[in-house]
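The values are calculated or read from the model by the stated rules, or taken from the named source; none is laboratory data. Predicted, not measured: the structure shown is a model, and the values here were computed from it. Backbone-built Cβ (ideal geometry, glycine too); neighbour counts: all protein chains shown.
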Amino acid sequence: MDWNKLAEKVGLPEYIEFPKIDPVPEGVNRPFWSVMIPTYNRTKLLEETIISVLKQAPSPEEMQIEVIDNCSPDVDTEKIVEEIGKGRVSFYRQSYNTGQIGNWNTCINRARGHWVHILHDDDLVLPGFYNRLQSGIEDEPSLGAAFCRHIYMDEDGHWQYLSLLEMRTSGIFTNSLERLIIPGAIQCPAIVVKRNTYEKLGGFYPNFKYMFDMEMWIRIALNYPLWYEPQPLACYRSQTSISGTSALLKSEIPITEGYKLLEVLNSYFPESKANTVLPQVKKAIIIFLMDIIRNNIHQNNLSTAFYQNKELLKYDFSGRVRKGVFGNLILMGKRWINEIKHKFVI
């Protein structure tokens, strides 16, 4: 792959710099956990998220819980936090909308705990999440992060399916770098990160809108071992209109960021790893992007799928991509023919 040409296509700066995360000042009380809940214009689901944490929260000396509102214009988030948290949950409101990544990086900077859990305002943790992870990680000082198996649920909270079972028993996640190149291998509610890891590696990359979490997990796995808990103890509300993911999947953003991710990784991967891992990342991203396009085809979002196919070819004209796009066009043609037949019959 010609990385210089790819960098020009995706429009990345020559020097990639990650947001700085300052250490917690000396003398500040340091609980084990910081549960940071970024939110924007959320009501009922935010309440459910907070309650899922409070049901298993230890004392304030052991766990900081804070909601960080991204300047919501339509919701009195502070009132929700006061009513549900009853003084146990603190509140911080941004003075302006910083964007999702800016709000997540604020979560890290405001976290006082040794371990940080960024729990989005429509996701949940199940009983035992914090106890199970803490029992595994507190005796392994070399760890940079820990995660558990997670449950995908719909907007009504109904469970749909489980993430893959990566290991049958809890322990250090073997071959983590090679296993995390699949998009969605880790979903955000399922992972906790040592604050010191963020301090050394930096915050989430602000030039992303969609793949910022995957980039972060790969960055961590490149530098630290991870802990894995096979029990499904976190619920991720997947690809729904309320999660904000749905609109992104109907745009060119996943296509652009898939190749932008490759260039970002290439900027800091050691050559030995880049030559072996990045081709695998590219293959996984192509499969993932094809799945997004085909899902739009199956949902009859044909104009969206056509545009995404065109964007994909703009970034990658390899044989694998051309073959995939050709297959997509055949599927789209069949859909169009069926629509015409349906209209004719009616």
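Data table
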read-out: First in the stretch 245-268 and more than 17 Å from Gly184 (Cα to Cα) and in the same structural domain as Leu312 (by TED's automatic domain parsing), second anywhere and surrounded by fewer than 23 Cβ atoms within 10 Å (Cβ to Cβ) and among the aromatic types (Phe, Trp, Tyr), Cβ under 6 Å, 6 or more apart; value: Asn266/Trp3
read-out: Scan of the stretch 108-119 for residues that are touching a Pro at 6+ places or on another chain (Cβ under 8 Å), of a type outside the set (D, E, K, R) and surrounded by fewer than 24 Cβ atoms within 10 Å (Cβ to Cβ), ordered by number; value: Gly113, His114
read-out: Residue ID - nearest to the chain's Cα centre (by Cα), chosen from residues in the stretch 120-131 that are assigned to a loop (DSSP other than H, G, I, E, B) and surrounded by fewer than 22 Cβ atoms within 10 Å (Cβ to Cβ); value: Leu126
read-out: Hits in the stretch 153-171 - residues which are assigned to a strand (DSSP E or B) and out of contact with any Gly (no Cβ under 9 Å at 6 or more places or on another chain); value: Met153, Trp159, Gln160, Tyr161, Leu162
read-out: So Lys341, is it under 18 Å from Lys260 (Cβ atoms), of a type outside the set (S, T, N, Q), in a helix (DSSP H, G or I) and free of Cβ contacts under 8 Å to residues at least 40 places away in the same chain; value: no
read-out: Residue in the stretch 226-242 that is in a helix (DSSP H, G or I) and not β-branched (Val, Ile, Thr) present; value: no
read-out: Out of Phe326, Phe288, sole residue that is over 21 Å from the mean Cα position of the chain (by Cα) and outside the structural domain of Phe18 (by TED's automatic domain parsing); value: Phe326
read-out: In the stretch 287-326, the residues that are among the small types (Gly, Ala, Ser) and surrounded by 14 or more Cβ atoms within 10 Å (Cβ to Cβ); value: Ala305, Gly324
read-out: For Gly136: the one exception among (1) within 16 Å of Ile186 (Cβ to Cβ); (2) touching a residue at least 40 places away in the same chain (Cβ under 8 Å); (3) part of a loop (DSSP other than H, G, I, E, B); (4) not β-branched (Val, Ile, Thr); value: (3)
read-out: Every residue from the stretch 175-206 that is assigned to a loop (DSSP other than H, G, I, E, B), out of contact with any helix residue (DSSP H, G or I) (no Cβ under 7 Å at 6 or more places or on another chain) and surrounded by fewer than 20 Cβ atoms within 10 Å (Cβ to Cβ); value: Asn175, Gly184, Gly202
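Each row is one residue, and each column tells you yes or no for (1) modelled with pLDDT of 95 or more; (2) closer than 16 Å to Asn105 by Cβ; (3) over 16 Å from the mean Cα position of the chain (by Cα).
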| position | (1), (2), (3) |
| --- | --- |
| Pro183 | no, no, no |
| Phe208 | no, yes, no |
| Glu215 | yes, yes, no |
| Ile218 | yes, no, no |
